[in-house]
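Trainee: The structure that follows is given in the form of structure tokens.
The values are calculated or read from the model by the stated rules, or taken from the named source; none is laboratory data. What you see is a predicted model, and the numbers here were worked out from it, not measured in a lab. Here Cβ is always computed from backbone atoms with ideal geometry, including for glycine, and neighbour counts include all displayed protein chains.
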Amino acid sequence: MTPSVLVIKLGALGDFVQALGPMRAIRDAHADAPLVLLTTEPYANFARASNLFDDIWIDSRPHGLQIGTWLALRRQLLGGGFSRVYDLQTSDRSSFYHRLFWPRQKPEWSGIAPGCTHPHANPERDFMHTIDRQREQLQMAGIDGSPAPDLGWVDAGLQELNLAPQFALLAPGGARHRPRKRWPADAFIKLATQLSADSIQPVFIGGGDEAGLLGEIAAGVPDARNLAGQTSLLELAAMGRTATLAVGNDTGPMHLLAVAGCPCLVLYSDDSDPALCAQRGARVEIIRVADLGALTPETVITAAKGLLAGAA
């Protein structure tokens, strides 16, 4: 039996989406090998639907003195019979997993773990865009031609969401611990009000933990919908195919929508650098200002109309 190959990609959403191209390249390079993905629960169903993997393992992310959980993970890794591991997470945690194979012979390993067989040995790797960095990582491991991320395999119905014929997806949320990445709520209200006046239904998207914030924004806007926590990643990707427009902060759903082909306007402060992590897709525009609090709704509305005109 052909030895198995392991891919490690734990999250977050934007990073997972941008890893779809490298995952496709790994699948093609090891077409005859069982391919296993080690990921976290939020991405398991999405990964299964991609049909890139023969098995999906859930990483419970053990920490500290959870000795039993660490040992269970180690047993799972040792039992996988892996000839090679592609660490697309390249974090301290995933690099530590390389050590869990000791004292047995470690598999070939592409990543940044000390002593691994196929290191991404570019000292400037932290200054590369995620997609470019992973493409080069795979090149150093012998895989050329990593494609762009693709969501052509997504198959999800949207009938139950009862969306208007024309709708715009708005993503006002983002990481709680990085509030400077968020455009103010009142600015999103003004944008949504203008979209509604132009007969484009504003549809707010985000995680379930953002339902309160998005609900407050949507409450004062005619015809607005708050779908925070109500859509799967597959449904969100399908929405991106048919939405008129998407406007949002530098947050995971905007990566998914960009790859789905939605015209996307993404708002950046100096708290994140689009040179390293920008959304990539056929129709993506970025506005970056030092402080998103100073970005006027009028500026965003004008940019959004320009993006729509270009997509027409």
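Trainee: Restricting to region 253-300, what's the tally of residues that are of a type in the set (Asp, Glu) and under 17 Å from the mean Cα position of the chain (by Cα)?
Mentor: Total satisfying the criteria: 1.
Trainee: Right, something else. Working only within region 201-229, note down all residues that are in contact with a helix residue (DSSP H, G or I) (Cβ under 8 Å, 6 or more places away or on another chain) and either of a type in the set (Asp, Glu) or touching a residue at least 60 places away in the same chain (Cβ under 8 Å) (or both).
Mentor: Correct list: Glu216, Asp223, Arg225, Leu227.
Trainee: Also: Only one of these is touching a Gly at 6+ places or on another chain (Cβ under 9 Å), not β-branched (Val, Ile, Thr) and not assigned by TED's automatic domain parsing to the domain that holds Ala19: Ala192, Ala168. Name it.
Mentor: Ala192
Trainee: If I ask for residues that are out of contact with any Ser or Thr (no Cβ under 6 Å at 6 or more places or on another chain), farther than 21 Å from Thr242 by Cα and either outside any helix (DSSP H, G or I) or modelled with pLDDT under 90 (or both), which ones from region 193-229 would you list?
Mentor: Within region 193-229, just Gly220 meets the criteria.
Trainee: Continuing with the same structure: Can you give me the number of residues within region 274-288 that are touching a strand residue (DSSP E or B) at 6+ places or on another chain (Cβ under 8 Å) and either surrounded by fewer than 18 Cβ atoms within 10 Å (Cβ to Cβ) or assigned to a strand (DSSP E or B) (or both)?
Mentor: 7
Trainee: Next question, about the same structure. Please go through region 289-312 and give me each residue that is part of a loop (DSSP other than H, G, I, E, B) and closer than 17 Å to Leu191 by Cα, ordered by number.
Mentor: Hits for region 289-312 are Leu295, Thr296.
Trainee: Looking for something assigned to a helix (DSSP H, G or I), among the polar types (S, T, N, Q), at negative phi and in contact (Cβ under 8 Å) with a residue 40 or more places away in the chain - is there at least one such residue anywhere in region 253-273?
Mentor: Step one: filter region 253-273 for residues assigned to a helix (DSSP H, G or I), giving 253-260.
From what's left, among the polar types (S, T, N, Q): none.
No, region 253-273 contains no residue that is assigned to a helix (DSSP H, G or I), among the polar types (S, T, N, Q), at negative phi and in contact (Cβ under 8 Å) with a residue 40 or more places away in the chain.
Trainee: Still on this structure: Restricting to region 247-257, name every residue that is within 11 Å of Pro172 (Cα to Cα) and out of contact with any Ser or Thr (no Cβ under 8 Å at 6 or more places or on another chain). Steps first, answer last, please.
Mentor: Initial filter on region 247-257 (within 11 Å of Pro172 (Cα to Cα)): 247-251, 253-254.
Hits for region 247-257 are Val247, Gly248, Asn249, Thr251, Pro253, Met254.
Trainee: Could you go through region 102-116 and let me know if any residue there is among the acidic types (Asp, Glu), over 30 Å from Pro297 (Cα atoms) and surrounded by 14 or more Cβ atoms within 10 Å (Cβ to Cβ).
Mentor: Looking through region 102-116, at least one residue is among the acidic types (Asp, Glu), over 30 Å from Pro297 (Cα atoms) and surrounded by 14 or more Cβ atoms within 10 Å (Cβ to Cβ).
Trainee: Report, by residue number, each residue of region 105-134 that is outside any helix (DSSP H, G or I), touching a residue at least 40 places away in the same chain (Cβ under 8 Å) and among the hydrophobic types (A, V, I, L, M, F, W, C).
Mentor: The one that is outside any helix (DSSP H, G or I), touching a residue at least 40 places away in the same chain (Cβ under 8 Å) and among the hydrophobic types (A, V, I, L, M, F, W, C): Met128.
Trainee: Restricting to region 29-57, give me the number of residues that are within 24 Å of the chain's Cα centre (by Cα), loosely packed, with under 13 Cβ neighbours inside 10 Å and not in a helix (DSSP H, G or I).
Mentor: 1
Trainee: Filter region 133-157 down to the residues that are surrounded by 15 or more Cβ atoms within 10 Å (Cβ to Cβ) and within 16 Å of Ser232 (Cα to Cα), then identify the one that is modelled with the lowest pLDDT.
Mentor: So the residue we want is Ala156.
Trainee: For region 169-190, what are the residues that are in a helix (DSSP H, G or I) and crowded, with 24+ Cβ neighbours inside 10 Å?
Mentor: Looking only at region 169-190, we keep the residues that are in a helix (DSSP H, G or I), and these are 179-181, 185-190.
Of everything in region 169-190, just one residue is in a helix (DSSP H, G or I) and crowded, with 24+ Cβ neighbours inside 10 Å, namely Phe188.
Trainee: Of the numbered conditions (1) within 30 Å of Pro297 (Cα to Cα); (2) part of a helix (DSSP H, G or I), Gln137 satisfies every one except a single condition; which is it?
Mentor: (1)
Trainee: In region 235-269, which residues are out of contact with any Phe, Trp or Tyr (no Cβ under 7 Å at 6 or more places or on another chain) and among the hydroxyl-bearing types (Ser, Thr, Tyr)?
Mentor: Thr242, Thr251, Tyr268, Ser269
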